[in-house]
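Below you'll find the structure, written out as structure tokens, and then a few comments.
Since every read-out is calculated from the coordinates, none of them should be taken as a lab result. In this text the structure is predicted, and so the values were computed from the model without any measurement. Neighbour counts run over all protein chains shown; Cβ positions are idealised from the backbone, glycine included.
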Amino acid sequence: MAQEIEITRFTETDIPFGKMLTDGEGWHRSLADWKRLLRISPYGMLKARVGTKDVGIAGLLWYDRVAWLHSVIVLKDMRGQGIGRAMLKACVQRARELAVPCVKLDSVRGFEDFYKSFGFVEEFESRRFLRNGEHFPIVAEQVRPELLDRILYFDQAMTGLNRSRAIRAVYDDSRELAFCVRSETRLLGFVLARRGDERIQIGPCVVDKQDSLCANRLIASLIGSEPGSKFRMCVPGSNPAAVELAESLGFESVMSSTRMFSGKKFEEPNACFAMISPEKG
């Protein structure tokens, strides 16, 4: 293209531009979601400019062993001019500088070849499910603040990742939507959720030993706590038990994307029955 593409940091003042782009893609990312994303990873979002015009966004959120590339969107009238490539290159370079061995993403269907040109490899289908709330009995315990450290320790033990920044942020925004199941001696699983403009996003949901019954208790309790609400859940297709559970609870499969990775492959454990979100992993 004739003018140079400038990649700059995306800050809180850029949220209206970012929300306009995500709204245009039908992603239902609320202002609270945007603010939380910047709290978790304040230096992870990038913005592309051409001259004085903002033309695109992209982001990278990293834990200790995995970085999640997300929110790669270019203004529709500016596509095909190398802007997406410039932003993706900047994100991949950031991951290399951080020495994160694996980068993952959820590709919108039809864009896989774009990411393959950067060395990404298809891994599995990433599923999206919707359903309305219902008067299920609440058979799980609400997560009190004093239990949060146990939740964080449990999540790291089950997933192999330190996701504490993201989990704390989701919990702090919607504590009333956090549930856990415990035995007399240990934690068996937990689920968190957060409110959006039109629906509640479920995730993460993590259980011990791929315990579908525990996951059922957690998600059913969450749904039962908000019978008048709409729910959305992102489920890793690599975990058949999670897909089966979503369907058995009456969730409707509405779309899917393609999980891809580059670098050293990180196997996602079947302890995960719901993702935090596509941008948070």
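Summary table below
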item: Nearest-0.05 FRET efficiency for ARG144 and THR8, computed from C-beta distance (R0 41 Å); result: 0.50
item: 222 nm mean residue ellipticity, helices alone, for the chain (DSSP H n ≥ 4; -39,500 (n - 2.57); rounded to 500); result: -9000 deg cm²/dmol
item: Two-site label geometry, LYS89 and PHE111: point separation in nm, points 7 Å out along Cα→Cβ; result: 1.8 nm
item: Taking MET87, MET20 and counting other C-beta atoms within 10 Å, the order from fewest to most; result: MET20, MET87
item: Lys, Arg +1 and Asp, Glu -1 on Cβ, resulting dipole of the stretch 5-100 about Cα centre, debye, nearest 20; result: 140 debye
item: Nitroxide proxy distance, nm - points 7 Å out along Cα→Cβ at ASP77 and ARG165; result: 3.6 nm
item: Nearest 10 degrees, 0 to 90: helix 83-97 Cα axis against the chain principal axis; result: 60 degrees
item: Choice from ASP106, ASP149, ASP77 with maximal GNM fluctuation in the chain (Cα, 10 Å cutoff); result: ASP77
item: Residues LYS19, LYS280, LYS35 arranged by fewest to most Cβ contacts within 10 Å; result: LYS35, LYS19, LYS280
item: Relative contact order for the chain, counting Cα pairs under 8 Å that sit 6 or more residues apart, in percent; result: 22 percent
item: For the stretch 111-139 and the stretch 192-232, distance of Cα centres in Å; result: 15 Å
item: For SER41, SER117, order by how many other beta-carbon atoms lie within 10 Å, fewest first; result: SER117, SER41
item: Distance (nanometres) between label positions extended 7 Å along Cα→Cβ at SER183 and TYR153; result: 1.7 nm
item: Residues listed by number, the stretch 54-79, amide nitrogen under 11 Å from GLU25 label point at 7 Å toward C-beta; result: 57-59, 69-75
item: Compactness of the chain - radius of gyration and Dmax, Cα, Å; result: 18.6, 66
item: Most mobile listed residue (LEU69, LEU161, LEU37) in the chain, GNM with C-alpha springs under 10 Å; result: LEU161
item: FRET efficiency, ARG96 to ARG49 (Cβ-Cβ, R0 30 Å, nearest 0.05); result: 0.80
item: On Cα atoms only, tilt of 15-24 relative to the major axis of the chain in degrees; result: 80 degrees
item: Over 20 Å (Cα to Cα) - which of LYS35/LYS264; LYS47/LYS89; LYS104/LYS265; LYS116/LYS265 fall in this group; result: LYS35/LYS264
